[in-house]
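Engineer: The structure follows.
Only the coordinates and a few stated rules stand behind these numbers; no lab work does. What you are looking at is a predicted structure, and each value in this text was computed from that prediction instead of being measured. Because the Cβ atoms are built from the backbone with ideal geometry, glycine has one as well, and the counts that use them run over all protein chains shown.
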Amino acid sequence: MPVFHTKTIESILEPVAQQVSRLVILHEEAEDGNAMPDLEKPVLAVSRAVVNLVKVGRSTIESSEDSLLKQDMPAALLRVEAAARLLEEASSMLKVDPYSQPARKKLIEGARGILQGTSSLLLCFDESEVRKIIRECKTVLDYLAVAEVIETMEDLIQFVKDLSPCLTKVSREVDHRSQELTHQVHRETLTRCLDSVKTLSPILICSMKIFIQILRQHCRESDEAAENRNYLAGRMSDELHEIIRVLQLTTYDEDEWD
Amino acid sequence: DPPAWQDLATHSKKVSDSIKSLVGSIKDK
């Protein structure tokens, strides 16, 4: 099972995860008594990168309208800042005593903290982006709920005009999201559901048109036509609910990640 | 929000690269 939720996050964090593992190994190897080198310059580079990341993070929080992001992201930023401070402390301690065990432990703790904090930060933003996609899906669901009250061609034309841009946006964003996911089953489910929605939508419009035509002729079959229309709207709604459900799934198990 | 995401991803990558350099320094020396 993949550890990182999306390919973008994976590309950023996997190298860090590998380096933290390597650091732990180096620490274990160094327990035979090797001195740690002067880490002032590389630690300073980490601190500078963290300062810039935190700046961008704070600016993201400021400009976002997402209350959950505003609530969750500051903690991730504090985590990264605290981790950078640990690295600085470790570097100072190792300058005084290159064999210091507490300093080495601090170094590993700091590196781990950078990994965890950056991961939290990226996930926080990623979740915010997912919430935006879900809002768009819900807008389509709201339109589908209105389908059964459309009884004239004029209303149908307006319905199609309103629904089409939303549906196009959902299609584009869910498709992009499915390509980003690392979890194969989630990816396949999103693709399958999206294909169903794309297939069903013209059929639904057609069924709504047929209902309106039959209604105009005052035929008995209008009940059947309405049933058919409602069935198709219901099917589309089910697929969208499944898309929303899968979008909210996360890839990794907390314990496995740790 | 591609620009915001791009910004965050770029700076996270820089942090990631700096950690790589740090561990690389330890290993080399």
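Engineer: Tell me what chain A gives for mean residue ellipticity at 222 nm when only DSSP H runs of n ≥ 4 count, each as -39,500 (n - 2.57), the sum divided by the residue total, rounded to 500 deg cm²/dmol.
Structural biologist: On the way: 8 runs with 214 residues, N = 258.
Rounded to the nearest 500, the figure is -29500 deg cm²/dmol.
Engineer: In whole Hz, with x marking every Gly and Pro, tabulate ³J(HN,Hα) for the range A:196-201 from phi via Karplus 6.51 cos²θ - 1.76 cosθ + 1.60, θ = phi - 60°.
Structural biologist: With coefficients 6.51, -1.76 and 1.60, one gets 4, 4, 5, 6, 6, 4 Hz.
Engineer: Under the 0.36 nm per residue contour assumption, what length would be gained going from the current alpha-carbon distance of residue A:22 and residue A:34 to full extension? List each step's numbers first, then the result.
Structural biologist: Details: separation 12, 0.36 × 12 = 4.32 nm, distance 1.59 nm.
Contour length minus Cα-Cα distance gives 2.7 nm.
Engineer: Is there a quick way to get the dipole size of chain A? I mean about its Cα centre, with the Cβ of Lys and Arg at +1 and of Asp and Glu at -1; what is the value in debye to the nearest 20?
Structural biologist: Working: 31 positive and 44 negative charges, 143 e Å.
Value, rounded to 20: 680 debye.
Engineer: Evaluate E = 1/(1 + (r/R0)^6) for residue A:142 and residue A:216, where r is the Cβ-Cβ distance and R0 equals 22 Å; express this FRET efficiency to the nearest 0.05.
Structural biologist: Values: r = 27 Å, r/R0 = 1.21.
With R0 = 22 Å, the Cβ-Cβ based efficiency is 0.25.
Engineer: Helix A:153-180 against the longest principal axis of chain A: what's the angle in degrees, Cα atoms only, rounded to the nearest 10?
Structural biologist: It works out to around 30 degrees.
Engineer: Just to check I understand the Karplus step: with θ = phi - 60° and J = 6.51 cos²θ - 1.76 cosθ + 1.60, what whole-Hz values come out for the range A:133-150, glycine and proline as x?
Structural biologist: Those phi angles translate into 5, 4, 4, 5, 4, 5, 4, 5, 4, 4, 5, 4, 5, 7, 3, 6, 9, 7 Hz.
Engineer: Students often get this wrong, so check it: of A:161/A:209; A:55/A:95; A:55/B:20; A:70/B:14, which have C-alpha atoms separated by over 19 Å?
Structural biologist: Details: A:161/A:209 14 Å; A:55/A:95 29 Å; A:55/B:20 21 Å; A:70/B:14 23 Å.
Where the Cα-Cα span goes over 19 Å, the pairs concerned are A:55/A:95; A:55/B:20; A:70/B:14.
Engineer: Cα to Cα, under 14 Å, and not fewer than 8 places away if on the same chain: which aspartates and glutamates meet these conditions relative to residue B:13?
Structural biologist: Residue B:13 reaches A:10, A:14.
Engineer: Report, to the nearest 10°, how far helix A:7-29 tilts away from the longest principal axis of the Cα atoms in chain A, using its own Cα long axis and a range of 0 to 90°.
Structural biologist: 20
Engineer: Determine which aspartates and glutamates satisfy two conditions relative to residue B:27: a Cα distance under 17 Å, and not lying fewer than 8 residues away in the same chain.
Structural biologist: The qualifying aspartates and glutamates are A:28, A:29, A:31, A:32, A:38, A:40, B:17.
Engineer: Evaluate the relative contact order of the range A:142-237 (contact order divided by residue number), counting alpha-carbon pairs under 8 angstrom at least 6 apart; express in whole percent.
Structural biologist: Details: 64 pairs, mean separation 34.2, N = 96.
Computed over the range A:142-237, the figure is 36 percent.
Engineer: Chain A: longest stretch without exposed GluC sites (Glu not before Pro) (DSSP loop, at most 15 other Cβ within 10 Å), sites themselves excluded? Can you show the working numbers first?
Structural biologist: Values: sites that count: A:65, A:151, A:221.
The longest such stretch corresponds to A:66-150.
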